[in-house]
Amino acid sequence: MNSLLKLNEVNTHINQFHILQGVSLEIPIHQVTVLLGRNGAGKTTTLRTIMGLTPASKGQVLWQEKDITALPTYKIAQLGIGFVPEDQGIFPLLTVAENIKIAIQDENDKQTQENLEWILNIFPDLKIAWKRPAGHLSGGQKQMLSIARAFINNNTLLLIDEPSKGLAPIMVHALIEAIQEIKSKTTILLVEQNFYMASRVGETFYILDDGKTVYQGNIKELVENENLKRKHLGIYKKTV
Amino acid sequence: MEQIFVLTLNGLATGMLIFLIAAGLSLIFGLMDVLNFSHGALSMWGAYVGLWIYTGLDQFWLQKLSGFNTSPWYPMVNILDFFVGILGGMLVGALLGWLVEKYMIRPVYGNHVQQILITMGVMLVLSEAIKLFWGSNLIAAPVPLMLDGSWQIGSLVVIKYRLTIIIIGLIVLGALYWLMQKTKIGLYVRAGVQNKEMVQTLGINVRKVFTLVFILGTSLAALGGMLMGPFMNQVYPSMGIEKQLLAFIVVVIGGMGSIFGSAVAGMIVGISEAFMLYFIPDAALAVNVLLMAFVLLIKPSGLFGERG
Amino acid sequence: MQILKNRGVFIALLLVGLLLPLFTDSQPVLLLFTRIFILAIFAMSYDILLGYTGIISFGHVMYFGIGAYSISLLLKHGGESWVNVLLAALIAVILSAIVSLIVGILSLRLKNTYYAMITLAFAELFHIVSLKWRSLTYGEDGFNFSSQIPDFLKDRFYFYYISFIALLLVGYFLYQFTKSPTGKVLVAIRENEARAEMLGFSTLYYKLISSTVAGVVASLSGILYAISYRYVGSASVFGMDKTIDALLMTIIGGVGTLFGAIIGAGIINLAHQFLADLANFHPIFERWLIFFGILYILIVMFFPSGILGTFNKYKYKFQSRKVERDKSHANSS
C-alpha cells in the first residue's frame with residue numbers, strides 16, 4: 001500500500017492538556033480515509049496537528065516519507081495539503097471570487113485553471129454568487145466554497161473536518177456526491193460524525209478514542225463489528 | 001462662509017495627518033492584535049529625522065554657495081530638500097518599525113499583554129532618545145518656500161501647505177486602496193484581519209505579511225509626523241504621544257483594521273478639532289473623546305469595523 | 001498563601017517601615033519613604049488590573065488625580081477641617097467609582113486592548129480639564145494648600161506613619177480581595193477569558209469590579225499624595241508619566257504579586273532620586289527614563305514575573321529540590 005501521509009504515535013498538547021496521546025494512521029493515496037470517534041476524541045486536533053496549527057509534542061508526521069512534524073503551517077500547506085476546517089474558515093467580508101483567489105498559488109498555472117473550472121461545475125452555486133461577499137452564503141454553500149478553495153491548488157491531500165455538520169439532509173446528499181467526484185482527483189482525510197455519509201464515501205476507517213487510535217479497518221469490517229460501533233460511535237442495531 | 005471654508009480646509013489637513021498615523025495603527029491592530037503603543041514615538045522619529053535632513057541640506061547649500069538664498073533656483077532646491085527629508089524620515093520610520101517588529105514584538109508573539117507592554121517601553125526609550133539627540137525644547141520647522149503662503153481664489157484663502165498635505169493624504173489613501181483591493185498582498189491582509197489561521201493554511205507566510213504591514217504602518221506614521229512639523233511650525237518630543245492619542249480615537253471611531261474607516265474617522269476628528277479650536281478651544285479634545293464614547297455606545301466595533 | 005510565602009520579605013518591610021523614623025529624623029528621608037508608601041498603594045491598585053485581571057490601563061492616573069484634586073480643592077475652598085478631609089475621601093471614592101464604571105462599560109465589552117486606549121483618552125480628558133479650568137484649578141501652575149491642611153497631617157513624622165498604616169491596610173484589603181471568590185474569578189479571566197465566560201461567569205461584571213476597586217484605591221493614594229506635597233498641579237497628578245510610573249513599579253516589582261509593587265515603588269523612587277543627583281555629573285542621567293525603559297523592556301521580555309515573581313519561582317524550585325533531596329535521604333536511610 002502506498003501511503004501519502006503517515007502519523008507515528010503522535011502526541012499533542014494544548015496548553016496543559018494532553019489531547020493526542022498516540023495517534024497512528026496511514027493515508028493511502030487516491031482513497032478517502034475516514035476518522036471516526038466521539039466528540040472530544042481528538043479528531044479535529046489530529047487534523048490541526050497535521051496542518052501544524054497545534055504542532056505535535058511527540059511522534060512524527062511523515063509526508064511521503066519526509067518528516068514534516070515541525071514545519072510551519074504555511075510550508076505544510078505548500079506541500080499540497082488543503083484544509084477545510086470545521087467552521088469552514090471562509091473570509092466573510094471577501095467575495096467568493098477573492099476567497100478562491102487568495103488560495104491560488106500560481107495564477108498562470110493551467111492545471112489550477114482547469115481545477116477551478118471543474119470544481120465550479122460541481123458547485124455551480126459558487127459561480128452564481130461569484131461577486132458576493134462570502135459571509136452571505138448559506139451554510140452548505142460556505143462548505144462548498146471551503147472545499148473548492150482547498151482543492152484548486154492541485155492539492156494532493158484534502159483534510160476535511162465534519163463537512164456534514166449542521167447541513168440539511170438534502171445538502172448532505174449533494175455533498176456526498178461532490179466528494180465522490182472529487183476523490184477521483186485527490187486523496188481525502190475526512191473527519192465525520194455522520195456514519196451514513198462516512199460509510200458512503202469512505203474506504204479506510206480509523207476510530208479515535210481518548211486521543212488514541214483504537215481501530216483500523218475497511219467498511220465491511222466496520223459494519224459487521226456491532227460491538228465497535230456501539231462502543232465508539234454510539235450506533236445501535238435496530239431490533240426488528 | 002470664508003471662515004467655514006478655512007476651518008474645513010484646516011480640519012481636512014489635520015485629519016489627513018492623523019489618518020496617516022492611524023492607518024498603520026489600525027492595520028497593525030486589526031491584523032496582529034498588537035496595540036502598537038510606540039507608534040506615535042516612531043512618527044516623531046520620522047518628523048525629527050526628516051526635519052534634520054531637510055534643514056541640514058538647506059543649510060549645506062546656503063553655506064556652500066554664497067548668495068544662493070536670492071537665487072531663483074533656491075526655492076526649487078529647498079523643496080527638493082524637503083522631499084528628500086520626507087523620504088529620509090519614512091526610511092527611518094520603516095527601519096525602526098522593522099527593528100521593533102523583529103526584536104520586540106516577534107519574540108513575545110501570541111502574548112498580547114506582553115506585546116502592548118513592550119511597545120510601551122519602546123515608546124519610552126524612543127521618545128527619550130529623541131530628547132537625547134535633539135534636546136527637549138521646541139525646534140522650528142519651516143514650511144518649504146514654494147509651499148509657503150496662500151492662494152487667493154475669489155474671497156477664499158487657500159493656504160498652500162495645507163492643500164499640499166491634503167493632496168499627499170489623498171495620494172496615500174489612493175495608493176493604500178490600490179494596495180488593499182488590487183494586489184495579492186492586500187488580499188492577504190484583508191483576509192488576515194478576518195482569520196489569521198486560515199490564511200496560513202492556504203500556504204501564506206502570515207508572519208511575513210505582519211512584518212510588511214508593520215513597516216508600512218510605521219513609515220506612514222513617519223510621513224505623517226514629518227508633514228506635521230511645518231504644519232505646526234515646530235516639532236517637540238511630546239508631539240508623538242499627543243497625536244497618538246488622536247490616532248487611537250480615530251482607530252476606535254473608524255473601526256479596527258479598516259483603512260477606509262480610519263480615513264473617514266480622521267476627517268471627522270480633524271474637522272471637529274479645527275472647528276472646536278476656533279469656537280471653543282478648551283473643549284477640542286473633550287469633543288473628540290465624547291465622540292469616541294458615543295460611537296462606542298452605539299457601535300462598539302467602530303463605524304466601519306466588523307469585529308470588536 | 002502569598003503572605004506566608006513571602007514572609008521574610010514581608011517582615012523585613014514591616015520592620016523597616018516601623019523602625020525607620022527612630023533612626024533618622026531627616027525630613028527628606030522620611031518624606032521619600034512616605035511617598036514610596038503612597039506610590040506603592042497606587043502601584044498595588046494597578047497590579048489588581050494588570051496582574052490579577054490581565055487588563056492594561058494607560059489612564060490609571062485619572063483616579064489618582066481625582067483623589068488629589070478632591071482633597072486639595074475641598075481644603076482650599078472649604079478651609080482647614082477634618083470634616084473636609086473625610087468629605088474629600090468620600091467624594092474621591094464615589095467619583096472614581098463612577099468614572100471607572102463609565103469607562104469600563106464603554107470599553108470592557110470589547111477586546112482588552114480597547115481598555116488601554118480608552119482609559120488613556122479619558123485620562124487625557126481629565127488632564128485637559130484640570131489644565132483649562134483655571135478659575136478652579138489654577139491650571140498648569142497648580143496651587144498650594146498647605147495652610148489649609150490640619151496640623152496633624154502636616155507633621156512629617158505622623159504623616160509617615162499614617163501613610164505606612166494606609167499601605168498596610170490597603171495591602172491587607174487588596175490581598176483579601178485577590179483571595180476572595182471574586183479575586184479567583186479575576187485570575188481565571190486573566191488566564192483564559194473565554195473559558196471563564198463559558199463556565200458561566202459574566203466576565204464584564206467581574207472586570208468592572210476589578211477596575212472599580214483599582215480606581216477607588218488609586219484615588220485614595222492620590223489623596224495622600226496631594227497631602228504629602230501640600231500642592232496640586234495638573235501635570236503632577238494627571239500627567240501620563242504617573243501611569244508609566246505605576247506600570248514600571250508593578251512590572252519591576254512583579255506582576256500579579258501585589259506586594260511586589262511595594263518593592264517596585266521603592267526601587268523606582270530611590271533610583272529616581274539617585275539618578276536625579278547623578279544628573280549633576282553627566283547630563284545623560286537627566287534622561288534616566290531611557291534606562292528604565294530598557295530595563296523595563298528586558299524585564300517584560302525575559303522576567304515577565306518581575307523581581308518578587310522571579311524570586312518566588314526560584315524559591316519554589318529550591319524548596320521542591322530540597323523536598324526531593326529529603327525524600328531520597330529518607331529512602332536511602
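No value in this document is a laboratory result; all are computed from the given coordinates. All values reported here derive from a predicted model rather than from experimental measurement. When we count neighbours, we look across all protein chains shown, and the Cβ atoms used for this are built from the backbone with ideal geometry, even at glycine.
Do any of A:Lys75/A:Lys212; A:Lys101/A:Lys131; A:Lys110/A:Lys185 go past 19 Å between their Cα atoms, and which? Can you show the working numbers first?
Working: A:Lys75/A:Lys212 26 Å; A:Lys101/A:Lys131 12 Å; A:Lys110/A:Lys185 16 Å.
In this structure, A:Lys75/A:Lys212 lie more than 19 Å apart at Cα.
Residue order for B:Val172, C:Val232, fewest other beta carbons within 10 angstrom first, comes to B:Val172, C:Val232. Of all DSSP bridge pairs formed entirely within the protein assembly as shown, close to 65 percent run antiparallel. Rounded to the nearest 20 debye, the dipole magnitude of the stretch A:88-155 is 280 debye, with +1 charges on Lys and Arg beta carbons, -1 on Asp and Glu beta carbons, and the Cα centre as origin. For the peptides B:207-220, B:10-23, the ranking by packing is B:10-23, B:207-220, with the highest mean count of neighbouring Cβ atoms within 10 Å listed first. Charge dipole (Cα centre; +1 on Lys/Arg Cβ, -1 on Asp/Glu Cβ; no other charges) of the stretch C:31-243 amounts to roughly 200 debye. For the stretch B:216-231, 3J(HN,Hα) computed residue by residue from phi via the Karplus equation (6.51, -1.76, 1.60; θ = phi - 60°) reads 4, x, 6, 6, 5, 4, 5, 4, x, x, 4, 6, 5, x, x, 5 Hz, glycine and proline entered as x.
Which residues does a label at C:Ile165 reach in the stretch C:21-47, if reach means a backbone N under 20 Å from a point 7 Å past the Cα toward the Cβ? The answer is C:21-23, C:30-42. Using the Cβ-Cβ distance between C:Arg230 and B:Leu156 with R0 = 56 Å, the FRET efficiency computed as 1/(1 + (r/R0)^6) comes to roughly 0.55. Starting from the Cα gyration tensor of the protein assembly as shown, take the square roots of the eigenvalues, sort them a ≥ b ≥ c, and report rounded, prolate or oblate (rounded when a/c is under 1.5, otherwise prolate if a/b is larger than b/c, else oblate). Taking the square roots of the gyration eigenvalues as a ≥ b ≥ c, the protein assembly as shown is oblate. With the largest listed first and rounded to whole Å, the semi-axes of the equivalent ellipsoid of the stretch B:219-260 from the Cα gyration tensor are 22, 12, 8. Only one residue of C:Ser45, C:Ile227, C:Leu136 has its Cα farthest out toward the positive end of the dipole of the stretch C:31-243, where Lys and Arg carry +1 and Asp and Glu -1 on Cβ, and that residue is C:Ser45.
Oblate is the label for the stretch A:82-164. Its Cα gyration tensor axes, ordered a ≥ b ≥ c, give a/c of at least 1.5 and b/c at or above a/b. Exactly which trypsin sites (Lys or Arg not before Pro) in the stretch A:47-113 are in a DSSP loop and have at most 11 other Cβ atoms within 10 Å? Answer by residue number: there is no such site. Relative contact order for the stretch C:31-243 using alpha-carbon pairs under 8 Å, separation at least 6, rounded to a whole percent? Computed over the stretch C:31-243, the figure is 46 percent. Take each residue in C:289-300, count the other chain C-beta atoms within 10 Å of its C-beta, and the mean is 6. For A:Gly37, the residues whose modelled amide H falls within less than 5 Å of its own, excluding neighbours fewer than 5 places apart on the same chain, are A:Leu208. In a reduced charge model with +1 at each Lys and Arg Cβ and -1 at each Asp and Glu Cβ, the stretch A:169-240 shows a dipole moment near 160 debye about its Cα centre.
Among residues other than A:Leu47 whose Cβ falls under 13 Å from its Cβ, what is the net charge (Lys/Arg +1, Asp/Glu -1)?
Working: positive: A:Lys43, A:Arg48; negative: A:Glu86, A:Asp87, A:Asp161, A:Glu162, A:Glu192, B:Glu197.
Overall, the nearby charge balance is -4.
What FRET efficiency, computed as 1/(1 + (r/R0)^6) with R0 = 35 Å and r the Cβ-Cβ distance, is obtained for A:Tyr196 and B:Glu197, rounded to the nearest 0.05? Each step should come with its number before you reach the end.
On the way: r = 30 Å, r/R0 = 0.86.
Step by step, r from the Cβ atoms, then E = 0.70.
The angle between the Cα long axis of helix B:39-64 and the longest principal axis of the Cα atoms of chain B comes to about 30 degrees, rounded to the nearest 10. The Cα center of the stretch B:220-277 and the Cα center of the stretch A:19-82 differ in position by 47 Å.
Report, to the nearest 10°, how far helix C:203-229 tilts away from the longest principal axis of the Cα atoms in chain C, using its own Cα long axis and a range of 0 to 90°. Helix C:203-229 and the main axis of chain C meet at about 50 degrees.
Using the Cβ-Cβ distance between B:Lys64 and B:Ile166 with R0 = 41 Å, the FRET efficiency computed as 1/(1 + (r/R0)^6) comes to roughly 0.75.
Of all lysines in the structure, those lying under 18 Å Cα to Cα from C:Lys207, and not within fewer than 8 positions of it along the same chain, are C:Lys111, C:Lys179, C:Lys184. For the pair the stretch C:166-182 and the stretch C:67-84, the centres of their Cα atoms are 27 angstrom apart. Highest mobility in the GNM of chain C, judged by mean-square fluctuation with C-alpha springs under 10 Å and restricted to C:Ser236, C:Ser100, C:Ser70, is found for C:Ser236. Here is the P(r) of the stretch A:146-229: all C-alpha pair distances, binned every 10 Å from 0, give 15, 48, 31, 5, 0 in whole percents.
Taking other Cβ within 10 Å of each residue's Cβ, how do B:His39, C:His272 sort, fewest first?
With the fewest neighbours first, B:His39, C:His272 line up as C:His272, B:His39.
Of A:Ser184, A:Ser146, A:Ser199, the residue with the greatest mean-square motion in the GNM of chain A, using alpha carbon springs below 10 Å, is A:Ser184. Between C:His77 and B:Val287, the distance separating the two model label sites (each 7 Å from Cα on the Cα→Cβ line) works out to 2.7 nm. Would you mind checking the tilt of helix B:112-134 against the longest principal axis of the Cα atoms of chain B, expressed as 0 to 90 degrees and rounded to 10? Roughly 20 degrees between the two axes. The HN-Hα couplings worked out from phi for the stretch B:269-283 by the Karplus form 6.51 cos²θ - 1.76 cosθ + 1.60 (θ = phi - 60°) are 5, x, 5, 4, 5, 4, 5, 5, 4, 7, 8, 10, x, 5, 9 Hz, whole numbers, x standing for Gly and Pro.
Rank these for me by crowding, B:Val92, A:Val214, going from fewest to most other beta carbons within 10 Å.
Numbers: B:Val92 23, A:Val214 14.
Going from sparsest to densest Cβ surroundings: A:Val214, B:Val92.
Only aspartates and glutamates eight or more places from A:Lys6 in sequence, or on another chain, were considered; those with a Cα closer than 12 Å are A:Glu26, A:Glu65, A:Asp67.
Inter-chain neighbour count for A:45-54: the average number of beta-carbon atoms from partner chains within 10 Å of each residue's beta-carbon is 1. Would chain A count as rounded, prolate or oblate if I go by the C-alpha gyration tensor, calling it rounded below 1.5 in a/c and otherwise prolate when a/b exceeds b/c, oblate otherwise? Here chain A falls in the oblate category.
Simple rule: put +1 on each Lys or Arg Cβ and -1 on each Asp or Glu Cβ in chain A, find the dipole, and look at A:Gly40, A:Gln105, A:Leu5; the Cα lying farthest toward the positive end is A:Gly40.
For chain A, what is the relative contact order in percent, using Cα pairs closer than 8 Å and at least 6 residues apart in sequence?
Details: 443 pairs, mean separation 65.9, N = 240.
Contact order relative to length: 27 percent.
Taking every residue in B:110-121 and counting other chain Cβ atoms within 10 Å of its Cβ, the average works out to 6. Take the Cα of C:Leu14, step 7 Å toward its Cβ, do the same at B:Leu138, and the gap between the two points is 5.6 nm.
Which value does Rg/Rh take for chain C over its C-alpha atoms, Rh per Kirkwood?
Numbers: Rg = 20.8 Å, Rh = 20.8 Å.
Here Rg/Rh amounts to 1.00.
When you restrict to C-alpha pairs under 8 Å that are six or more residues apart and normalise by the size of chain B, the relative contact order lands at 37 percent.
Under a GNM of chain A (C-alpha, springs under 10 Å), which listed residue has the highest mean-square fluctuation: A:Glu26, A:Glu177, A:Glu107? Of A:Glu26, A:Glu177, A:Glu107, the most mobile in the Gaussian network model is A:Glu107.
Comparing Cα centroids, the stretch B:132-200 and the stretch A:152-207 end up 50 angstrom apart.
Helical content alone sets the calculated 222 nm signal of chain C at -26500 deg cm²/dmol, taking -39,500 (n - 2.57) per DSSP H segment of four or more residues and averaging over every residue. The count of lysine pairs in chain B with alpha-carbon distances below 30 Å, taking only pairs 8 or more places apart or on different chains, stands at 20. Rounded to whole numbers, the Karplus 3J(HN,Hα) couplings from phi for the stretch C:254-268 are x, 5, x, 10, 6, 6, x, 4, 5, 4, x, 4, x, 4, 4 Hz, using 6.51 cos²θ - 1.76 cosθ + 1.60 with θ = phi - 60°, and x at Gly and Pro.
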